[in-house]
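Have a look at the structure below, then the notes.
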Amino acid sequence: MKAFVFTKYDDYDSISIIEKEVPKASDDQVIVQIKNSSLNAMEWHLFRGVMMVKMKIGWRKPKPKYQTIGADIAGEVIEVGKNVKHLKVGDDVFGEDFTGGFAEFAAVKADALTIKPANVSFEQAAAAGVAGLTGLTGVKEVCNVKAGDKVLVNGASGGVGSYAVAIAKYYGAEVTAVCSKKNFEHARSLGADHLIDYQTEDFCSQGIKYDAIIEVAGNRKPREIKPILKEGGKCAVIGFTSARHIMRYMFSFSKKIKMVNEIASQENLKEMANILESGQLVMPITGRYKLSEIGEGIKQIRSKRTVGKLIVEI
């Protein structure tokens with residue numbers, strides 16, 4: 001099978017497409033013939049070898065196991081481990097794994113996948129992996145958004161922020177999207193009711209309080225967020241601009257503010273499948289890359305100017 005690999009951190013010249021053996025499924029895995037994957041900040045961080053990642057995948061260079069990245073997976077099951085009960089050969093599935101999506105086949109933990117609805121494309125299913133499930137975790141699990149809630153999404157035009165807007169609308173919330181003015185139409189297409197241009201307006205000083213805030217941009221401090229939360233309101237923090245910023249949130253000791261740690265649980269995967277099947281969430285695809293073009297996709301993610309989702313065509 002063909003697979004993307006990189007052999008040095010943050011070195012685009014170390015990227016190549018190689019032939020590898022098709023993996024075999026362990027007892028709790030399935031083998032997926034991948035149709036589409038997508039690009040996330042996760043892939044950029046793995047590629048550049050940030051400190052916390054290096055400790056897991058190799059200090060000076062990525063271990064062979066982690067030279068093929070790609071967390072999002074959408075495709076067809078071709079082999080099933082003996083302990084797997086909810087999937088069978090021939091099933092179209094989507095979900096996420098830590099690595100392996102940038103290849104023609106991947107061995108994936110079965111619990112990290114669910115059935116793709118028939119009316120949902122492989123592109124849309126792949127796009128909804130890391131970004132969609134992270135947005136869902138923030139909106140549903142952390143903030144418990146419900147119909148009528150006032151929700152603000154700071155950083156509403158990237159992958160996670162876009163899903164947060166659309167998912168909050170799916171649950172019936174009144175959504176305010178914070179992004180640049182040039183991305184207003186994108187936010188409107190996802191259902192945003194109100195728009196704030198972060199370059200000219202400060203949402204923390206407008207005197208408006210929210211039931212939920214999804215902090216994706218990672219540029220506001222806890223002491224700025226707390227005053228604009230209603231009594232009982234929650235803030236889900238997803239993005240960070242610096243290690244210092246992370247520490248501020250870790251030590252804020254607030255029941256109102258929680259950092260999101262997304263896990264592809266079966267419950268969340270099935271809920272995402274339901275949301276996609278409803279037709280109320282169609283993510284704009286703003287770039288498509290072949291395996292040989294993934295380096296260019298990582299550069300786009302690195303620019304922090306991505307709108308919607310970037311898809312990898314296998």
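Values quoted throughout were computed directly from the atomic coordinates according to the rules given, and no laboratory measurement underlies them. These numbers were taken from a predicted model, which means no experiment stands behind them. Don't worry about glycine lacking a Cβ; one is built from the backbone with ideal geometry, like all the others, and counts go over all protein chains shown.
Overview of results
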item: Mean residue ellipticity (222 nm) of the chain, computed from DSSP H runs ≥ 4 via -39,500 (n - 2.57), nearest 500; result: -7000 deg cm²/dmol
item: Gap separating the Cα centres of segment 264-307 and segment 3-19, nearest whole Å; result: 22 Å
item: Loop-located trypsin sites (Lys or Arg not before Pro) in segment 24-97 whose Cβ has at most 14 other Cβ within 10 Å (DSSP); result: 24, 60, 82, 85, 88
item: Residue 27/residue 255 FRET efficiency (R0 51 Å; Cβ-Cβ; nearest 0.05); result: 0.80
item: Stretch in the chain that is longest and holds no GluC sites (Glu not before Pro) that DSSP places in a loop and that have at most 15 other beta carbons within 10 Å; result: 22-200
item: Fraction of beta bridges assigned by DSSP in segment 131-259 that are antiparallel (%, nearest 5); result: 0 percent
item: Of 8/140; 234/270; 116/209; 140/182; 2/182, pairs whose Cα-Cα distance is over 32 Å; result: 8/140; 116/209; 2/182
item: Percent antiparallel among DSSP beta bridges (both partners in the chain, rounded to 5); result: 55 percent
item: Signed unit charges on C-beta, dipole axis of the chain, positive-most listed residue 37, 14, 314; result: 14
item: Shape of segment 117-187, Cα gyration tensor, a/c cut at 1.5; result: oblate
item: Pairwise label distance in nanometres, residue 88 with residue 118, each label 7 Å out on the Cα-Cβ vector; result: 1.5 nm
item: Difference of contour (0.36 nm per residue) and Cα-Cα distance, residue 188 to residue 45; result: 48.5 nm
item: Label zone at residue 20, where the point sits 7 Å out along the Cα-to-Cβ direction: segment 90-131 residues whose backbone N lies under 15 Å; result: 97-109
item: Cα→Cβ-extended label distance, 7 Å offset, between residue 1 and residue 144, nm; result: 4.2 nm
item: FRET efficiency, 1/(1 + (r/R0)^6) with R0 35 Å, evaluated for residue 230 and residue 313 via beta carbons; result: 0.20
